[in-house]
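This report refers to the structure that appears directly beneath it.
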Amino acid sequence: MTEKVNSLNKKDTSWSGRFNEPVAELVKIYTASIGFDYRLAAYDIQGSIAHAHMLSEQSIISKQDFVAIENGLQEIAQEIEAGNFEWLLDLEDVHLNIEKRLTDKIGDAGKRLHTGRSRNDQVATDVRLWLRATTDQVIAGLQKLQSSLLDLAEQHYDTVMPGFTHLQVAQPVTFGHHLMAYYEMLKRDAARFVDCRKRINRLPLGAAALAGTSYPIDREMVAKTLGFDGVCENSLDAVSDRDFAIEFTFASSLVMTHLSRLSEELILWSSPRFAFIDIADRFCTGSSIMPQKKNPDVPELVRGKTGRVYGHLTALLTLMKGQPLAYNKDNQEDKEPLFDTADTLLVTLEIYADMMRGITVNKENMRQAASEGFATATDLADYLVKKGMPFRDAHEVVALAVRHAVDQKVDLSELPLATLQKFAADITDDVYAVLTLEGSLQSRNHIGGTAPVQVKAAIARAKKEMS
Ligand code: ARG
């Protein structure tokens with residue numbers, strides 16, 4: 001993009017009247033935002049047409065001027081779309097670039113567009129329009145990933161795997177249940193974006209530079225034209241706060257947190273030490289030196305890019321914290337972190353949804369791992385409780401039995417009945433039913449539990465929510 005930004009090399013800015021010397025070349029580069037805010041162009045034009053229409057409806061400009069402005073801006077939109085628009089560094093930002101081109105095209109009418117408006121309320125409007133559209137894309141991306149998780153969970157609603165705490169085998173769960181945990185996280189993430197969108201969707205235009213404007217504007221009309229739910233109700237707040245961008249970046253950070261956790265698991269599970277899953281080759285790369293390697297690059301990068309998005313959140317929070325009201329040029333620094341957050345999140349969601357469809361599960365290895373770490377010890381304790389033993393005593397009895405089994409290098413279910421009875425005389429033959437993986441799973445049969453029937457029901461509820 002920067003290569004496309006050219007220099008006019010002459011004093012030709014729209015605010016240079018009061019200055020005695022031109023801005024230093026390096027300062028021009030330092031202060032310009034056109035290198036990144038060109039991305040707002042379509043929204044800038046949309047906002048300008050709505051503003052100009054209101055100006056003409058309110059007889060602040062003539063109908064004729066409005067028609068010229070609208071046609072001119074539409075032509076400019078096409079030039080930009082076709083890649084025929086020359087962005088000039090001397091014109092600082094997207095707003096001045098478009099306005100100058102409009103004036104070159106249509107003369108004085110173009111100069112009237114900025115009546116009752118400032119770049120301060122203009123840029124806040126553009127960013128909100130852009131972010132609203134982006135939020136909708138994020139919500140759609142989340143939904144796509146949720147449904148890909150659901151499909152995988154459905155295939156594995158009863159596939160046994162070890163559930164972990166402290167990364168130690170804890171209790172058996174189903175792989176479907178594990179995946180549904182992420183479905184829940186993403187569901188809350190989507191709800192956060194839906195909520196955040198409400199606060200994004202307010203119109204700053206009309207706030208002008210900071211205090212409002214002396215023209216008889218109709219802000220509600222502009223809000224309606226642009227699809228905003230209403231206007232920002234304080235002009236100082238409208239031009240200065242970027243909390244909506246921070247919220248978006250926070251919600252994005254949480255999605256990345258969730259995906260980083262899942263990535264960490266995919267990395268572990270696909271390592272030959274676990275060998276629980278296989279990630280499709282198209283999401284992995286090899287090593288240039290070790291021929292046996294298949295590296296889970298995508299999950300690793302998701303984990304890495306999570307740090308990048310957190311960085312943007314910190315940048316935006318820090319950007320805001322010391323600013324006195326109202327607009328300060330600091331706010332120009334909101335765009336790159338925001339754009340990069342959105343770009344990173346959107347592509348991550350897209351790739352992830354596809355990657356989850358490319359996962360194959362090694363059921364045997366998962367099952368084997370679940371049967372190795374005394375995953376049903378709690379079930380034995382619960383069994384004793386049901387026979388009348390207080391839970392704390394049962395816990396102690398099972399701990400001793402596990403110690404014995406460790407010494408014998410066998411699983412609890414492999415201890416003979418006579419041996420088990422040495423630990424608790426109440427134990428009878430029916431104990432083996434609870435010591436099996438299936439028995440353990442099936443016994444957790446309540447909403448939120450890992451019993452396969454419950455996982456199936458959770459998937460069915462989720463499918464209904466998504467439809
Ligand atoms: N490029 C500026 C930004 O992104 C537009 C607003 C400039 N306003 C000003 N008073 N200099 O914030």
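Each value in this text was obtained by applying a stated rule to the coordinates, not by laboratory testing. Remember, it's a predicted structure, so these values are computed and weren't measured experimentally. Virtual Cβ from ideal backbone geometry, glycine too; neighbours counted across all protein chains shown.
General observations
- The chain: angle of helix 63-81 to the longest principal axis, Cα-based, in degrees nearest 10: 50 degrees
- Rounded, prolate or oblate (a/c below 1.5 giving rounded, otherwise prolate when a/b exceeds b/c) for the range 73-138 by Cα gyration tensor: oblate
- D (Stokes-Einstein, µm²/s), Kirkwood Cα radius, the chain, 0.890 mPa s at 25 °C: 93 µm²/s
- Rounded to the nearest 20 debye, the dipole size of the range 79-220 about its Cα centre is 520 debye, using +1 on the Cβ of Lys and Arg and -1 on the Cβ of Asp and Glu.
- Taking the charge dipole of the chain about its Cα centre, with +1 at Lys and Arg Cβ atoms and -1 at Asp and Glu Cβ atoms, the residue from Gly83, Leu40, Leu179 reaching farthest to the positive side is Leu179.
- Dipole check for the chain: with +1 at the C-beta of Lys and Arg, -1 at the C-beta of Asp and Glu, and the Cα centre as origin, the magnitude is about 340 Debye.
- Value of [θ]222 nm, deg cm²/dmol, for the chain, DSSP H segments ≥ 4, -39500 (n - 2.57) each, nearest 500: -20000 deg cm²/dmol
- Among Thr376, Thr314, Thr115, a tally of other beta-carbon atoms within 10 Å of each Cβ gives an order, fewest to most, of Thr314, Thr115, Thr376.
- The value obtained for the range 99-252, namely the Cα convex hull volume divided by the number of residues, is 147 Å³ per residue.
- Neighbour-count order for Asp343, Asp90, fewest beta carbons within 10 angstrom listed first: Asp343, Asp90
- Extension gain, Phe274 back to Lys293 (0.36 nm per residue minus Cα-Cα distance, nm): 5.3 nm
- For the range 155-251, GluC sites (Glu not before Pro) are listed when DSSP marks them as loop and at most 10 other Cβ atoms sit within 10 Å of their Cβ; the list is Glu233.
- FRET efficiency, Asn365 to Gln64 (Cβ-Cβ, R0 56 Å, nearest 0.05): 0.15
- The range 289-356 versus the range 38-83: alpha-carbon centroid distance in Å: 33 Å
- When the pairs Lys387/Lys463; Lys187/Lys363; Lys111/Lys335; Lys198/Lys463; Lys198/Lys321 are compared against a 31 Å limit on Cα-Cα distance, Lys387/Lys463 fall above it.
- Computed over all pairs of different Cα atoms, the Kirkwood value for the hydrodynamic radius of the range 18-121 is 14.3 Å.
- About its Cα centre, the range 17-171 has a charge dipole of approximately 380 debye under the convention of +1 per Lys or Arg Cβ and -1 per Asp or Glu Cβ, with nothing else charged.
- Each residue of the range 436-445 was assigned a 3J(HN,Hα) from its phi angle through the Karplus expression (A = 6.51, B = -1.76, C = 1.60, θ = phi - 60°), giving 7, 4, 5, x, 4, 4, 5, 6, 8, 9 Hz with x at Gly and Pro.
- C-alpha center-to-center spacing [the range 235-272, the range 387-464] in angstrom: 38 Å
- Within the chain, longest stretch free of exposed trypsin sites (Lys or Arg not before Pro) [DSSP loop, at most 10 other beta carbons within 10 Å]: 11-272
- Among the GluC sites (Glu not before Pro) in the range 369-421, those located in a DSSP loop and surrounded by at most 15 other Cβ atoms within 10 Å of their own Cβ are Glu372.
- Think of the range 315-394 as a dipole: +1 on every Lys or Arg Cβ, -1 on every Asp or Glu Cβ, centred on the Cα centre; then among Thr348, Ala375, Leu316, Ala375 lies furthest on the positive end.
- Residue range of the chain that is longest and free of chymotrypsin sites (Phe, Trp or Tyr not before Pro) which are both DSSP loop and sparsely packed (at most 11 other C-beta within 10 Å): 20-467
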